[in-house]
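The structure follows.
The values are calculated or read from the model by the stated rules, or taken from the named source; none is laboratory data. Every value quoted in this text rests on a predicted model; they were computed, and no experiment measured them. Note: ideal-geometry Cβ built from the backbone for every residue, glycine included; neighbour counts use all protein chains shown.
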Amino acid sequence: MQGYLFLLPSLIGTGGFVLIPFLDVVRRSFLQAVGNGFVGLENYRMVLGNSAFRLAVGNTARFMLVCLPLLMLLSLFLAVLVREATRFQRWVKTGALLPMAIPAASVVVFFRLAFDEKGWLGRLAEAAGMEGQDWLASDSAFWILIVCYIWKNLGYDMILWLAGLGVIPKEQYEAARVQGAGEWACFWYITAPQLKETAFVTGLLSFVNAFRVFREAYLLAGDYPHESIYMLQHLFNNWFVNLDIQKMTAAAVMLVVLAGGILEIEEWWNRRQTE
């Protein structure tokens, strides 16, 4: 009983500021924007037929399908490198974790100075006799955003992988090497199988954190960026400014259902792997 009493303040705060407002959002998604007229699924049909919504969903899905595997693989590689390094381990850790201490706005300023039409890359191109371009106003903006986000979050995922690597007994590697196993065999048959739980946690947190990419995308190109980096967060921000309540509520409900479904599938896959 005492445990529930300790949890009560958090439960009241979560219920009052998260759960109850979201239930109201669900209710409003079936009503007119003004008044309480019931419109059924009309708001949902209107959102699904909106070209900006389809563009934002496609860009967000594309970003996650490209960015998340790259982020996890690169952070795993860096974690293994840090664990095996003896001379430069401190410097590698510092270099990977430094972006986490830098505000996102400062990180974006650096990328704008590099890839803007008047940035130093453009000036180098002009000095070499080539024509500079505004990288942030072309399809390259998508890859610039990915590099910016990975550089900012690489250290965070590296720490998660290091935590998983730290619980693997070194005696297993020593026994394998005595039997003639190489580095790749040790990783494939010892390291990888014991990182399943860590991979699940890292993937889950990376998926959730990926929805925060709006900061970088917004600071790079503003409210209406190049269509390749027009994300769901841009869409919601613009709908909020225009007070498109019916669209916002319907899209929010669909997004929660979709994200919840993806998380449930990931949880099911994790249970299958640990059985």
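Among residues belonging to the stretch 30-45 that are hydrophobic (A, V, I, L, M, F, W, C) and part of a loop (DSSP other than H, G, I, E, B), point out the one that is surrounded by the fewest Cβ atoms within 10 Å (Cβ to Cβ). Outline the logic, then answer.
Here is the first cut: in the stretch 30-45, the residues hydrophobic (A, V, I, L, M, F, W, C) are 30-31, 33-34, 38-39, 41.
The next check asks that each one be part of a loop (DSSP other than H, G, I, E, B); those that pass are 30, 33-34, 39, 41.
Working: PHE30: 18, ALA33: 15, VAL34: 8, VAL39: 16, LEU41: 11.
Looking at residues that are hydrophobic (A, V, I, L, M, F, W, C) and part of a loop (DSSP other than H, G, I, E, B), I get VAL34.
Let me ask you something else. Among PHE38, PHE53, which is in contact with a Leu (Cβ under 8 Å, 6 or more places away or on another chain) and modelled with pLDDT under 85?
Values: PHE53 fails: modelled with pLDDT under 85.
Only one candidate passes the filter, namely PHE38.
Read through the list (1) surrounded by 15 or more Cβ atoms within 10 Å (Cβ to Cβ); (2) touching a residue at least 24 places away in the same chain (Cβ under 8 Å), then give the number of the only condition that ALA163 fails.
If we test ALA163 against (1) surrounded by 15 or more Cβ atoms within 10 Å (Cβ to Cβ); (2) touching a residue at least 24 places away in the same chain (Cβ under 8 Å), just (1) comes out false.
So in the stretch 229-275, with the set limited to residues that are in contact (Cβ under 8 Å) with a residue 60 or more places away in the chain and small (Gly, Ala, Ser), which one is surrounded by the fewest Cβ atoms within 10 Å (Cβ to Cβ)?
Once the filter is applied, the top-ranked residue is ALA252.
In the stretch 134-146, is there at least one residue being farther than 30 Å from ALA192 by Cα, touching a Cys at 6+ places or on another chain (Cβ under 6 Å) and not β-branched (Val, Ile, Thr)?
Narrowing the stretch 134-146 to residues farther than 30 Å from ALA192 by Cα: 134-142, 144.
From the residues that got through so far, the ones that are touching a Cys at 6+ places or on another chain (Cβ under 6 Å) too are none.
No, the stretch 134-146 contains no residue that is farther than 30 Å from ALA192 by Cα, touching a Cys at 6+ places or on another chain (Cβ under 6 Å) and not β-branched (Val, Ile, Thr).
Looking at (1) within 19 Å of the chain's Cα centre (by Cα); (2) surrounded by 20 or more Cβ atoms within 10 Å (Cβ to Cβ), find the lone condition where GLY203 falls short.
(2)
Taking ALA141 as the residue in question, decide whether it is crowded, with 16+ Cβ neighbours inside 10 Å, of a type outside the set (S, T, N, Q) and in contact with a Lys or Arg (Cβ under 8 Å, 6 or more places away or on another chain). Before you say what the answer is, go through the steps one by one.
Details: crowded, with 16+ Cβ neighbours inside 10 Å: yes; of a type outside the set (S, T, N, Q): yes; in contact with a Lys or Arg (Cβ under 8 Å, 6 or more places away or on another chain): no.
For ALA141, the condition - crowded, with 16+ Cβ neighbours inside 10 Å, of a type outside the set (S, T, N, Q) and in contact with a Lys or Arg (Cβ under 8 Å, 6 or more places away or on another chain) - is not met.
Would you call PRO69 surrounded by 10 or more Cβ atoms within 10 Å (Cβ to Cβ), at pLDDT 90 or above and closer than 26 Å to HIS234 by Cβ? Give the derivation first.
Working: surrounded by 10 or more Cβ atoms within 10 Å (Cβ to Cβ): yes; at pLDDT 90 or above: yes; closer than 26 Å to HIS234 by Cβ: yes.
Criteria met by PRO69.
Being under 17 Å from the mean Cα position of the chain (by Cα), within 22 Å of LEU41 (Cβ to Cβ) and either assigned by TED's automatic domain parsing to the domain that holds CYS148 or not in a helix (DSSP H, G or I) (or both), is that true of even one residue in the stretch 224-231? Write out each step before concluding.
Residues of the stretch 224-231 that are under 17 Å from the mean Cα position of the chain (by Cα), as a first pass: 228-231.
Okay, now just the ones that are also within 22 Å of LEU41 (Cβ to Cβ), so none.
No, that holds for no residue.
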